[in-house]
Amino acid sequence: MGEEGQGRDPGAEPLTRRGNTARRQVRRVSLDEHGAALVTERRDTVATEEPLEIRVGGEDGDAVAVSVTMRTPGSDFELAAGFLFGEGIIDHGSWIRRVSYCLDGQAQKQNYNAVRVDLAPGIRFDAERFRRNFYTTSSCGVCGKASIEAVLGPVCARVPETVQITPELLLSLPARFRDAQRIFESTGGLHAAALFDGDGTLRDLREDVGRHNAMDKLVGAALLHGSVPLGGKIVLLSGRLSFELVQKAARAGVEVLAGVSAPSSLAVELAEESGITLVGFLRERGFNIYTAPARISASGHAADHSMERSIG
């Protein structure tokens, strides 16, 4: 259920739809060989950031706004589905009847900054309880939650152990990851989340100004294609590995979660509880294994205790 041709009201006049990048005039300041400042005018490409309101519709026909997040336009339906799944509002792609852009008031224009997710018949949603607990931004998906229970979210079962990978395979992923980041290449301003098979095949990659949005887009795409849980899969993330990203990975059944930067203490604790192999500081020359090292083998043998700290 992608965005193109899905969920659009044929009688609605579309609003102007923003792309995922924009061009801006900037002043470039640099130093010449003598240390003197040089100022030049140039056009630069920046990543688009706009609000997206996610609404949930039930059997009574009414829709309730459950989140406003700052995101990069694109994969909005997948973002909405992934967000609802991560928050435990839905457990399966079949729980979604329809995803559509909302109409903008009396003008009846398609509003590309508001998405409505209509739930399937029989699926109930406690809107008031959820609304008391949530607000998101592009940098923090849990900042506005009103209680510890809301932050901890739905309880996730331990992920299975079905995949065995080598250090060499993991070390090959960052280069493939960078090559697939098309928007980042032109802007330098986006996070990304990528899905790999256990043999290193790149299956999907999503980009966004927010790390948790990129993850929601990735999981949402898999959810809408019936591919969740993501057993046997590796997810690679840009930026640091936070608690909420591990939480989203655990909810989706990801076995190996890797990042190019560091995890937080709570992220490590949750990964350990969930049985996720958590890998940080993944670069071409090495990485750290924080939890569940048995999925990573060296020369045909599972990683021993010393490999939990670093490889490379």
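Give the stretch 145-176 a look and list any residue that's hydrophobic (A, V, I, L, M, F, W, C), at pLDDT below 80 and crowded, with 17+ Cβ neighbours inside 10 Å, or say none. Once the filter is applied, which keeps residues that are hydrophobic (A, V, I, L, M, F, W, C), at pLDDT below 80 and crowded, with 17+ Cβ neighbours inside 10 Å, the stretch 145-176 yields only C156. Against the definition (surrounded by 14 or more Cβ atoms within 10 Å (Cβ to Cβ), farther than 25 Å from V228 by Cβ and over 16 Å from the mean Cα position of the chain (by Cα)), how does L103 come out, yes or no? So L103 fits the description; yes. Report yes if V46 is modelled with pLDDT of 95 or more and either part of a loop (DSSP other than H, G, I, E, B) or among the β-branched types (V, I, T) (or both), otherwise no. It is false that V46 is modelled with pLDDT of 95 or more and either part of a loop (DSSP other than H, G, I, E, B) or among the β-branched types (V, I, T) (or both).
S261: surrounded by fewer than 24 Cβ atoms within 10 Å (Cβ to Cβ), out of contact with any helix residue (DSSP H, G or I) (no Cβ under 7 Å at 6 or more places or on another chain) and within 25 Å of R97 (Cα to Cα), yes or no? Taking the combined requirement at face value, the residue does not satisfy it.
Pull up the stretch 57-96, narrow it to residues that are in contact with a helix residue (DSSP H, G or I) (Cβ under 7 Å, 6 or more places away or on another chain) and part of a strand (DSSP E or B), then point me to the one that is farthest from M215 (Cα to Cα). Result: V64.
For the stretch 199-209, the count of residues that are without any contact (Cβ under 8 Å) to a residue 60 or more places away in the chain, of a type in the set (K, R) and touching a Gly at 6+ places or on another chain (Cβ under 9 Å) is zero. Within this structure, V279 passes the test of being in contact (Cβ under 8 Å) with a residue 40 or more places away in the chain and over 28 Å from D76 (Cβ atoms).
The values are calculated or read from the model by the stated rules, or taken from the named source; none is laboratory data. In this text the structure is predicted, and so the values were computed from the model without any measurement. Cβ: placed from backbone, ideal geometry, glycine included. Neighbour counts: every protein chain shown.
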